[in-house]
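Report on one structure; see the data block that follows.
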Amino acid sequence: MCGIVAYIGKKQALPIIINGLKKLEYRGYDSAGVAVVSESGIAIRKKAGKVADLERLLAVNGFDKTSTVGFGHTRWATHGEPNDLNAHPIYDDDQEIIVIHNGIIENYNSLKIRLEREGYIFRTETDTECLVHLIRSHFKNTDNFETSVRLALNEVEGAYGICVLCKSEPGKIIAARNGSPLVLGVGEKEFILASDATAIIPHTRQVVYLLDGEMVTVTCDNFSIKTIGDEKIERALEEITFDLEQIEKGGYEHFMHKEICEQPESIMNTLRGRIRKDNGLVKLGGLTNVVDKLAFAKRIIITACGTAWHAGLVGEYMIEQMCRIPVEVEYASEFRYRDPIVYPGDSMFVISQSGETADTRAALKEAKKRGADVYGIVNVVGSTIARETDAGIYTHAGPEIGVASTKAFTSQLTGLALISLLIAQHKSLMPPNEIKKITDELLRIPDKIKMILDQSDKIKEIAKVFKFCQHMLYLGRGYNFPVALEGALKLKEISYIHAEGYPAAEMKHGPIALIDANMPVIVIAPKDSTYDKIISNIREVKARKGVVISISDEHNTDIDEYSDYSIKIPSTCKFLSPILTTIPLQLFAYNLAVLRGCNVDQPRNLAKSVTVE
Ligand code: M6R
């Protein structure tokens, strides 16, 4: 979603802003713009397209490059199409108040009607413009920038992360958040505000995370935080823990490929310190105080969106089988609108890579309101969901920049396996030697992933065959049904090929009508209790001339007879099988998308972290 970068200090602001915007490109956007304080006022340029298009515009028209105060924005369109006019910054006719905004102003219409009556003329189709005129109208009355922003925000409903410049008070940037993340980087007599820490890390590791309902006024010497209710806030600095290299491509052509290949390491990071060396049992510091409650929960709700929801579906199988606790997996976007039944004391797990997904946050809030205890499985340290949950674990997969989630997913599965084992061991449902067998296997998973990654060339060759296909079906059973959904999602997202995931046995209840020589079917068929049934499903596909790509255990050759293409992976236990079966599907989708010339890291219309509902 939209990205914000603002700089105030002693250095030239523009290169810092542009580089920051490039770091935020992964969030997804369709136009970009900048504003800097110059001698004659505030200079603004904006453009539909990529940051590179904006750079070309800035190069040709002598934009003030010496300014030390300014901000930039990448916009993911919600209100109004992605054209030059609707790109941010948004400003009034006198260029007195200049705003960049991430989020949606929900009472935009009523504010617009009122402001138009007061004589303000709207030039864009954006909801942000009402914020500009609202601040301006307060500025006319108060002649005070900070007060005007505060008063305006008190009238606004909806989600926002904003930065504001004011021509009459040029040495100041005011930023505020409600629902859309904003981080303030604190350097030596310089400050950088950004939607996430990736744009800040090249400059400083010291940060302050703004919370909902807070605004910060920043000058080149200092900053002060208040609530929009005008209460002063003291907040200690926090330290960013990841390194710059982690957000660089490191020799790979795409972040997605880098992140697929990082999985042996990212999974090790999820496991680090969580399996006891002496007895192989699980310890999760973040859940120690609540494990008793979890162990005796009557049921557990898991909520998430997209790929994280698929992880939740695997979690359902794991928790139900290992812990014998009923689990319900809910789309976060549906949860709060269906008057859900939540009893006080119910336990909910919220899964999110970014920790900022608006739908997931809304479900979390709803569950809390109804008395549930809410636990997070979150990747981004310090993110909003991590803060809003009562307890939880970080997945420690490291920054995920590619829009298509890969390493975050396998780390979520690893985290869910650890949580299930922890609960099972607490309830004494599994003997310690059984737990140890699985944790030993967990520790072998990174090496097994390496063995799959070694087959990248073979998977690429298979992908070549399907470069021009238009549809694809993914089938899996049990633990691998959610993997079929995830494989199909990966393909859709980055290659724009229509794909559907089904439980294999459901095929005969409808999708089988689609099978012919033009319908490739990927079948995830590890040798487990459903294997023979899946072979029957494959034969049903072959009988209708479908093309079968199978994924099964190494040494399992009988499936080859029914497969047009077969990919072999190392064997593992059923609980952990999805971590391995996912990898060839990621590689397949990645290679197919690259062959089709798609922008795999920033697929059209998608945002990395969806901060609007
Ligand atoms: O950051 P989150 O895990 O909360 O994001 C949830 C989904 O938006 C995300 O998984 C999305 O489906 C990805 N693009 C999938 O690759």
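Quick check of the Kirkwood formula: for segment 217-263, what is the inverse mean of 1/r over all pairs of different Cα atoms, in Å? Don't skip to the answer; put the middle values down first.
On the way: mean 1/r = 0.0687 Å⁻¹.
Every distinct Cα pair counted, the radius reaches 14.6 Å.
Taking a threshold of 29 Å on the Cα-Cα distance, which of the pairs Lys293/Lys527; Lys437/Lys464; Lys542/Lys568; Lys283/Lys574; Lys22/Lys365 fall above it?
From the list (Lys293/Lys527; Lys437/Lys464; Lys542/Lys568; Lys283/Lys574; Lys22/Lys365), the Cα-Cα distance tops 29 Å for Lys293/Lys527; Lys437/Lys464; Lys22/Lys365.
Whole number please: convex hull volume per residue of the Cα set in segment 389-497, in Å³?
Enclosed volume per residue, from the Cα hull, is 148 Å³.
Suppose we keep just the alpha-carbon trace of segment 64-105; what are its Rg and Dmax in angstrom?
Computed over the Cα atoms of segment 64-105, radius of gyration and Dmax are 11.7, 34 Å.
Taking the mean number of other Cβ atoms within 10 Å as a proxy for protection, how do you rank 360-367, 229-236, 58-65, 110-117 from highest to lowest? Please report the intermediate quantities before stating the final value.
Values: 360-367: 22.6, 229-236: 10.0, 58-65: 12.5, 110-117: 14.6.
Peptide ranking by packing, descending: 360-367, 110-117, 58-65, 229-236.
Between segment 44-97 and segment 571-613, how many Å separate their Cα centres?
32 Å
Going 7 Å from the Cα of Glu561 in the Cα-to-Cβ direction, what parts of segment 498-528 have a backbone nitrogen less than 14 Å from that spot?
In segment 498-528, the label zone of Glu561 (backbone N under 14 Å from the point 7 Å along Cα→Cβ) covers no residue.
In angstroms, what radius of gyration and Dmax does segment 455-600 have, counting Cα atoms only?
13.7, 40
Output the direction-averaged projected area (hull surface divided by four) of the convex hull of the alpha-carbon atoms of segment 3-240, in nm².
11.3 nm²
Under a Cβ-Cβ cut-off of 12 Å, what is the net charge of the residues other than Ile497 that fall near it, where Lys and Arg count +1 and Asp and Glu count -1?
Cβ neighbours under 12 Å give a net charge of +2.
Report the Stokes-Einstein translational diffusion coefficient (µm² s⁻¹, integer) for the chain, Rh taken as the Kirkwood radius over Cα pairs, at 37 °C with viscosity 0.692 mPa s.
Diffusion coefficient, whole number: 129 µm²/s.
Using only the alpha carbon atoms of segment 97-205, find the Kirkwood hydrodynamic radius as the inverse mean reciprocal pair distance, in angstroms to one decimal.
Numbers: mean 1/r = 0.0682 Å⁻¹.
This gives a value of 14.7 Å.
Excluding Leu111 itself, what net charge comes from residues whose Cβ is under 13 Å from its Cβ, given Lys and Arg +1 and Asp and Glu -1?
-3
Using only the alpha carbons of segment 250-453, what is the convex hull's orientation-averaged projected area in square nanometres?
11.0 nm²
With the crude spin-label approximation of a point 7 Å out along Cα→Cβ, what separation in nm comes out for Arg56 versus Ile121?
Here the modelled spin labels are 3.1 nm apart.
How large is the convex hull of the Cα atoms of segment 469-522 per residue, expressed in Å³ as a whole number?
59 Å³
Kindly rank 187-199, 444-456, 420-432 from highest to lowest mean number of other beta carbons found within 10 Å of each residue.
Numbers: 187-199: 23.2, 444-456: 17.5, 420-432: 19.2.
So the order, starting with the most tightly packed, is 187-199, 420-432, 444-456.
Provide the net charge surrounding Ile240, with neighbours chosen by a C-beta distance below 11 Å and charges set as Lys +1, Arg +1, Asp -1, Glu -1. Let's see the in-between values first.
Values: positive: Arg205; negative: Asp196, Glu238, Glu239, Asp243.
Taking every other residue near Ile240 into account, the sum is -3.
Would you mind pulling out the separation of the Cα centroids of segment 423-449 and segment 146-160, in Å?
First find each Cα centre; the distance between them is then 51 Å.
FYI, it's all coordinate maths here, none of it is from the lab. It should be emphasised that the depicted structure is a prediction, and the values quoted were computed from it without experimental measurement. Every residue, glycine among them, receives a Cβ derived from its backbone with ideal geometry; neighbour counts consider all protein chains shown.
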